[in-house]
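Here is the structure we will look at.
The values are calculated or read from the model by the stated rules, or taken from the named source; none is laboratory data. Source: prediction; values computed, not measured. Here Cβ is always computed from backbone atoms with ideal geometry, including for glycine, and neighbour counts include all displayed protein chains.
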């Protein structure tokens, strides 16, 4: 198997494992922060076990010594993990995943601000299209059952934080950031434990908590390893699969109708990003031929 095919297989499987994330949050009848705690503890614990078996204990200490960029990644990733659970608990799943699809736009803005990278004309048009789609989603939240602009803003914050995390480690491309993931997840869970009693929901929902953590751990590991063999445009296109399948899965399993505004706004966001990344891929192929 070629490296490119390996990257496609690993990344696609990772994205598919991420699709049920929001459904687990819906199925577990517990306080959102308690769900976020056990999601972080189980997923972080499983990833930590994998890292220790694969790379040894030195991998975690090594990434902690990687400097401010690694710590910024841990901080922003740690915020985004429970933020996702909170967003899903406050607004519709469709709104959350469509808003999270805007992450590449914020990563572009952060790359301009922090790294001084120019913004191409393609990305200017992409940002305008994505923000138009987000505007439709936010506008429709006042008319869609189960949606709220407060939850939409939390989802927007998650998108911004995750984009900041990815931008922060741009200078550490040669280093695997997988050991930093359990630090972020378990660290965030420890902070949550200061504010909520996390033990009562465990006895009633432990199978769902374990399964939820296992899906997140598998998705995270595969999506850290797979993109090493792909271009950023290919990765971005594959990640959009979650934005398509996650609301459909929740709609099919529990009947949560995303509503017309979310579908229209989400379609705008996804179509703009698909076209933008296809243009990038076409340009890359012309340069390599």
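Kindly indicate whether residue 110 is without any contact (Cβ under 8 Å) to a residue 40 or more places away in the chain, within 29 Å of residue 69 (Cα to Cα) and touching a helix residue (DSSP H, G or I) at 6+ places or on another chain (Cβ under 8 Å).
no
If residue 15 passes every condition in (1) surrounded by 20 or more Cβ atoms within 10 Å (Cβ to Cβ); (2) at pLDDT 95 or above but one, which one does it miss?
With (1) surrounded by 20 or more Cβ atoms within 10 Å (Cβ to Cβ); (2) at pLDDT 95 or above applied to residue 15, the lone miss is (2).
So, restricting to helices (runs of 4 or more DSSP H) that lie completely within the range 63-173, which ones have at least 1 residues that are within 16 Å of the chain's Cα centre (by Cα) and modelled with pLDDT under 90?
Of the helices (runs of 4 or more DSSP H) lying wholly inside the range 63-173, those with at least 1 residues that are within 16 Å of the chain's Cα centre (by Cα) and modelled with pLDDT under 90 span 103-115, 149-168.
Checking the conditions here, which among 275, 253 is modelled with pLDDT of 90 or more and farther than 18 Å from residue 19 by Cβ?
The conditions single out 275.
For the range 243-261, does any single residue satisfy the condition of being surrounded by fewer than 21 Cβ atoms within 10 Å (Cβ to Cβ), closer than 24 Å to residue 12 by Cα and under 15 Å from the mean Cα position of the chain (by Cα)?
Yes, some residue in the range 243-261 is surrounded by fewer than 21 Cβ atoms within 10 Å (Cβ to Cβ), closer than 24 Å to residue 12 by Cα and under 15 Å from the mean Cα position of the chain (by Cα).
Would you confirm whether any residue within the range 191-200 is modelled with pLDDT of 95 or more and either assigned to a helix (DSSP H, G or I) or under 19 Å from the mean Cα position of the chain (by Cα) (or both)?
yes
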